[in-house]
Each structure stands twice: as structure tokens, then as C-alpha cells.
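Read-outs throughout are calculated quantities, based only on the coordinates presented, and are distinct from any laboratory measurement. Please read these numbers as outputs of a predicted model, since none were measured by experiment. For neighbour counting, all protein chains shown are included, and Cβ atoms are generated from backbone atoms with ideal geometry for every residue, glycine included.
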Amino acid sequence: MSELHDSLIVLYRSFNRKIPPDLKNQEKLLLSLINYSIAKFQVAEENGKIIGLGALFLFGDICSLGYMAVLPEVRRKGLGTSIFSKLVEIGRMKGCKTFMLYASESGAPIYHKFGFRSKYATNLYSLPKRPSPLQETNIKVNCTNIFPYWAALIDRNAMGFDRSEFLQLKINHGSILITIDKEGFALLSGSRLGPVISKNIDTAVYLINEGIKLGASNIIVPKHSHFPIKIFDFFNLTERDSESNIKMVYGKEVTQILNHLYALGTYAKG
């Protein structure tokens, strides 16, 4: 696991970010994703030391690219482009027809040159410390460690591909699954609430409320054209400056039910 550990250290150093206290948990999750053939990493080395990396996450004929990072002192040498190109090549060999990624605003023009299309912006928001006051209802919120079939179906319809195994592995490694039976679910990983997938806004509000009760402090909102902006009427969300990213796609379009997508689980690191 030492190479994976070194890769993550490079990732955080590349963007001048503190090494998180849950780094070991991240390593274990990524190792599981590699062992299940969901994730593949590509690294660049110099004198036996890792100086850059990138990752490919495989979901059938759809691939998600992430963890793209090169140490500042070795940038502008084409390392990032080389890593990215190799990952795309691997994806094509695996039969991928669609490539997705989340790019920082400064990084988006680079991916445009590769033919990626911008889809919508995403923003990180701070959640309020207290849940939204709601009227009493019969809605039952549950926490479970098994990702149910109905949730996998809702997620697949919203996202356009099956990532149930990926989400189950996240739960196995400490993420908390919040559900409202057959209506929606949310995942809490550390202080991050997301994804939040829901058939309707009422369910989404109860899921977010439960996340806040369990310690969620931030959420990534996808600003697509179908986003139910009424959610801002229920929560005082504080947008974090300079935390905007852009979803980008290359290849075949994916059919999604975007109005079920209330929050993302992650996006670009820098």
C-alpha cells in the first residue's frame, strides 16, 4: 500500500493542502476499488519517486477520471498530459464510450483541447449547523450498511450508469448510508454529505436534515438546468469562494434524470 500512500501524499502536496487525518481510510478504500477492478491508477516517477498521478474509475462503458495531480516543481513538462492520455487509452481498451471528469475552472480549458464538453458548474457549500425545522410527518429516515436494490435503481436512473458496487465499498469503509425507503438516499463521508439522490424535494430535505444531525458540514451542489432550486428555501447554504468546478464529458451522451440529483459525492481536488 506504500505506493498508494505516496500517491495520495503527492495529490495533497500538488494542491498545497493539508494531509487529512483519514488518509489511511482513503488508502484502504482505494485499495478495495483497485482490487474490485473499479479503479486504476497511473503514476509518473522520477528517480524512483512518484511525482504525478491520475486515476480511472470504471462503470461499464462509462469512465470517470480523477485524482489528476503533478507536483509543482515538475509541471510544464507534459507529465499531466501524458498521464491523462494513458488513462484515456486504458479506458478505451476497456470499452469505455463515455469519459467524465470534474475540472477546476482553471483546468477546464485544458480538457476542452481534448474534446471534452462542459455540462454544468458545481459548487461547494457549507451546511447550517442546525437542521431545517419541519412539520411532523410519517417519513421514516433510516441508516443502514447495505446499499439496497431500490436505491441502486434510483441512483442508476439519476446518474445514467450503475455505481452500486462503488457506493457499497464506500459504506464498507466508513461512509454512512441514510435512506428513506424507495424514495431516496444520501451518503455521509466524514463531513461531506453526498451524493444525495431523491425522487422529490421533500425526501431530499429530510435526507439533508439527517445528514446535518449526524455531523455533515458541507455539500456539493450541481447547478444543472433541472436542479430544484427550492432546496435553498429550506437551508441557508453558504457558498465557499473559489470552490467552483465544471462537469465535463467526452464521447457518447449519457441519459440521466438530473432532477433527482441534489448533491455530488466529490469533484476535482484542485
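Shown for the chain: cysteine residues without a partner Cβ closer than 4.7 Å, namely 143.
Each residue of segment 181-187 is assigned a 3J(HN,Hα), and the resulting list reads 3, 6, 10, x, 8, 9, 10 Hz, derived from the Karplus form 6.51 cos²θ - 1.76 cosθ + 1.60 (θ = phi - 60°), x at Gly and Pro. Computed from phi, the 3J(HN,Hα) profile of segment 120-125 under the Karplus parametrisation 6.51, -1.76, 1.60 (θ = phi - 60°) reads 6, 7, 10, 9, 8, 10 Hz, with x in place of Gly and Pro. Remark: the residue 135-residue 15 segment gains 38.8 nm on full extension, using 0.36 nm per residue and subtracting the alpha carbon distance.
Among residues other than residue 162 whose Cβ falls under 14 Å from its Cβ, what is the net charge (Lys/Arg +1, Asp/Glu -1)?
Values: positive: 156, 163; negative: 61, 155, 165.
Net charge in that neighbourhood comes out at -1.
Farthest towards the positive end of the charge dipole of the chain, among the residues 153, 123, 137, is the Cα of 123, using unit charges on the Cβ of Lys, Arg, Asp and Glu. Remark on residue 139: its backbone amide H falls under 5 Å from none of the residues 5 or more positions apart or on other chains, H modelled at 1.01 Å from N.
Going by average Cβ density within 10 Å per residue, which order do the peptides 209-217, 59-67, 123-131 take, highest to lowest?
59-67, 209-217, 123-131
Each Cα pair under 8 Å and six or more residues apart adds its sequence gap; the mean of these over the residue count of the chain is a relative contact order of 23 percent. What the phi angles of segment 249-264 give under the Karplus curve with 6.51, -1.76 and 1.60, with θ = phi - 60°, is a coupling list of 9, 10, x, 5, 5, 10, 7, 9, 9, 5, 6, 8, 9, 9, 7, 9 Hz, glycine and proline written as x.
Its relative contact order, with pairs defined as Cα atoms under 8 Å and 6+ residues apart, puts segment 2-96 at 26 percent. Build a GNM of the chain with springs between Cα atoms under 10 Å apart, and of 81, 122, 137 the one that fluctuates most is 137.
Exposure proxy check: 83, 90 ranked by fewest other beta carbons within 10 Å? Before the final figure, lay out each step's value.
Values: 83 23, 90 15.
Sorted ascending by nearby Cβ count, the order is 90, 83.
Each of 112, 237, 65 was scored by the projection of its Cα onto the charge dipole of the chain, and the greatest displacement toward the positive side belongs to 112; charges sit on the C-beta of Lys, Arg, Asp and Glu. Taking the chain as a Gaussian network of alpha-carbon nodes connected by springs under 10 Å, the highest mean-square fluctuation of the residues 95, 48, 160 belongs to 48. Close amide H partners of residue 160, meaning residues 5 or more places away or on another chain with modelled amide H under 5 Å apart, are 257.
Here residue 223 is the anchor, and the lysines within straight C-alpha reach of less than 16 Å, apart from those fewer than 8 places off in the same chain, are 119, 247. When both bridge partners sit in the chain, DSSP labels roughly 90% of those beta bridges antiparallel.
Note on segment 225-254 and segment 148-206: Cα centroid distance 17 Å, given to the nearest whole angstrom. Taking 78, 190, 52 as the candidate residues, the one with maximal mean-square fluctuation in a Gaussian network model of the chain, Cα springs under 10 Å, is 78.
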